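Structure first, commentary second.
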Amino acid sequence: MRTAVVREPGEVLVVPVERLRALVTHDTVLGDIVLHAYLLRREMLIGLEAGFQIVGSRYSPDTRRLREFAARNRLSHRWIDLEDDEEAEALLKGLGVAPKETPVVIWRGNEVLRNPSNEELAETIGLRERIVAEDVWDLLVVGTGPAGLAAAVYGASEGLGTVALDAVATGGQAGTSPKIENYLGFPSGISGAELAARAEIQAEKFGARISVPAESTALEERDDCYVVSFKDGSEATARTVLITTGARYRKLDVPGLEDFERTCVYYAATMMEARVCRGDPVAVVGGGNSAG
Ligand SMILES: Cc1cc2nc3c(=O)[nH]c(=O)nc-3n(C[C@H](O)[C@H](O)[C@H](O)COP(=O)(O)OP(=O)(O)OC[C@H]3O[C@@H](n4cnc5c(N)ncnc54)[C@H](O)[C@@H]3O)c2cc1C
């Protein structure tokens with residue numbers, strides 16, 4: 001697949017990912033340029049809706065799950081609504097997919113994932129890093145919002161074997177914010193996406209391993225260590241477990257609310273929700289400063 005276009009005679013240097021990572025972490029000037037270019041490129045691709053396609057109905061909870069997963073992980077993608085996109089039917093027919101098998105994810109034009117779990121999607125696109133079960137980590141961080149990422153940076157920089165996992169995406173709630181102005185060290189503000197990307201690189205620079213999605217379901221003590229179990233049946237063992245899973249929203253006391261939560265009730269008002277609700281009437285209830 002063509003991924004670059006040269007407009008003038010020039011030279012292409014192919015740099016392996018590991019070398020690029022080392023460069024970004026050790027050369028601050030070049031690292032900043034590369035990181036900034038990477039963030040701008042990603043923003044551009046998201047705006048162009050390049051990348052994989054999600055074909056599914058706006059009324060399907062699984063469509064919403066996949067779209068949210070893509071948005072929270074800042075993955076460039078396009079959603080094709082089965083309900084009113086004329087392209088959808090022809091596209092599905094061409095791929096031999098029946099409408100009842102949707103949502104589907106189309107990867108690289110012809111690979112079809114039928115209603116994949118978030119884990120399957122992450123695996124396919126190379127987002128997920130497998131954490132080896134036999135390892136005993138010094139520090140296992142559950143939840144990679146700002147608190148978890150900060151702990152991963154400090155733990156790893158002190159030489160602890162550190163792993164950080166999140167059910168959805170790095171950055172947590174902050175990752176969805178267009179601009180955070182009260183974060184220490186960023187006087188002119190920083191977007192949540194950039195904060196998350198920078199923190200991730202910083203943690204990895206010190207040797208921390210980060211993996212998403214991994215939803216923890218249980219914690220138990222075993223042989224002087226702690227074992228955390230995850231939704232997919234895997235386990236991770238550590239001497240110390242730090243739980244940084246953030247806050248849970250207080251919900252409105254409205255009968256039947258849960259029936260709608262999987263399709264059309266949202267607990268944030270960021271660009272992501274705006275994209276999902278585009279063109280639809282919206283009612284805002286509460287929300288503090290986010291209601292703005
Ligand atoms: C749109 C928006 C804008 C904001 N803007 C600002 C701002 O400008 N300034 C400011 O100070 N604050 C802001 N906030 C609030 C700020 O983002 C939060 O206070 C901060 O993110 C809390 O960090 P945290 O790491 O404790 O938790 P969170 O950011 O909530 O992260 C918790 C993480 O844990 C993960 N998790 C939960 N359960 C599990 C599980 N079982 N297994 C694995 N992972 C799990 C979640 O997926 C999540 O990624 C904003 C919030 C939002 C939503």
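The values are calculated or read from the model by the stated rules, or taken from the named source; none is laboratory data. The shown structure was predicted, so the numbers you read here are calculated from the model rather than taken from an experiment. FYI the Cβ positions are ideal-geometry reconstructions off the backbone, even for glycines, and counts take in every protein chain you see. Each accessible area value is taken on the protein alone, full model and side chains, heavy atoms only, with ligands, DNA and RNA left out. Shrake-Rupley method; radii C 1.70, N 1.55, O 1.52, S 1.80 Å.
Observations, loosely collected:
- Only Cα sites of the stretch 95-233 enter the Debye sum here, all with the same form factor; the resulting log10 I(q)/I(0) across q = 0.09, 0.14, 0.15, 0.16 1/Å is -0.35, -0.75, -0.83, -0.91, listed in q order.
- Rounded to the nearest whole Hz, the Karplus-based 3J(HN,Hα) values (6.51 cos²θ - 1.76 cosθ + 1.60, θ = phi - 60°) of the stretch 154-159 follow the sequence 5, x, 5, 5, 8, x, with x at glycine and proline.
- When each of Lys93/Lys231; Lys100/Lys179; Lys93/Lys179; Lys179/Lys251 is checked by Cα-Cα distance, pairs over 31 Å: Lys93/Lys231; Lys100/Lys179; Lys93/Lys179
- Stokes-Einstein diffusion coefficient of the stretch 171-292, Kirkwood radius over Cα pairs, 10 °C, 1.306 mPa s, in µm²/s: 89
- Charge tally in the Cβ shell below 14 Å around Phe186, where Lys, Arg are +1 and Asp, Glu are -1, Phe186 excluded: -1
- Carbon/sulfur fraction of accessible area - the stretch 74-216, other protein chains in place, 1.4 Å, %: 49
- Near Leu242, the amide H atoms lying under 5 Å from its own belong to Leu140, Val141, Val142; only residues 5 or more places off or on other chains count, and H is placed 1.01 Å from N.
- At 0.692 mPa s and 37 °C, Stokes D of the chain from Kirkwood alpha-carbon radius, µm² per second: 156
- Amide H contacts under 5 Å for Asp232: Glu215, restricted to partners 5 or more places along the chain or on a different chain, H placed in the peptide plane at 1.01 Å from N.
- Projected-area average for the stretch 147-217 over all orientations - Cα convex hull basis, square nanometres: 4.8
- Across the chain, the relative contact order, built from alpha-carbon pairs under 8 Å that are at least six residues apart, equals 16 percent.
- Residues considered: Arg74, Arg130, Arg19. Largest GNM mean-square fluctuation over the chain, using C-alpha springs under 10 Å, is found at Arg19.
- For the residues Pro255, Pro213, Pro103, a GNM of the chain with alpha-carbon springs under 10 Å puts the largest fluctuation on Pro255.
- For the chain, the solvent-accessible area of protein heavy atoms averages 63 Å² per residue (probe radius 1.4 Å; ligands and nucleic acids excluded).
- Looking at the chain alone, DSSP beta bridges between its own residues are antiparallel in about 50 percent of cases.
- Within the stretch 39-96, the proportion of C-alpha pairs whose separation exceeds 18 Å stands at 38%.
- Rounded to whole Hz, the Karplus (6.51, -1.76, 1.60) HN-Hα couplings of the stretch 56-63, x for glycine and proline: x, 7, 5, 8, 8, x, 5, 4
- Candidates Val105, Val282, Val228: whichever shows maximal mean-square fluctuation once the chain is modelled as a Gaussian network with Cα springs under 10 Å: Val282
- Here the 3J(HN,Hα) profile of the stretch 124-130, calculated from phi with Karplus coefficients 6.51, -1.76 and 1.60 at θ = phi - 60°, is 4, 8, x, 7, 8, 9, 6 Hz, Gly and Pro shown as x.
- Highest mean packing comes first when the peptides 229-237, 150-158 are listed by Cβ atoms within 10 Å, giving 150-158, 229-237.
- Taking max minus min of the alpha-carbon positions on each principal axis, the stretch 1-151 gives extents of 51, 50, 26 Å, largest first.
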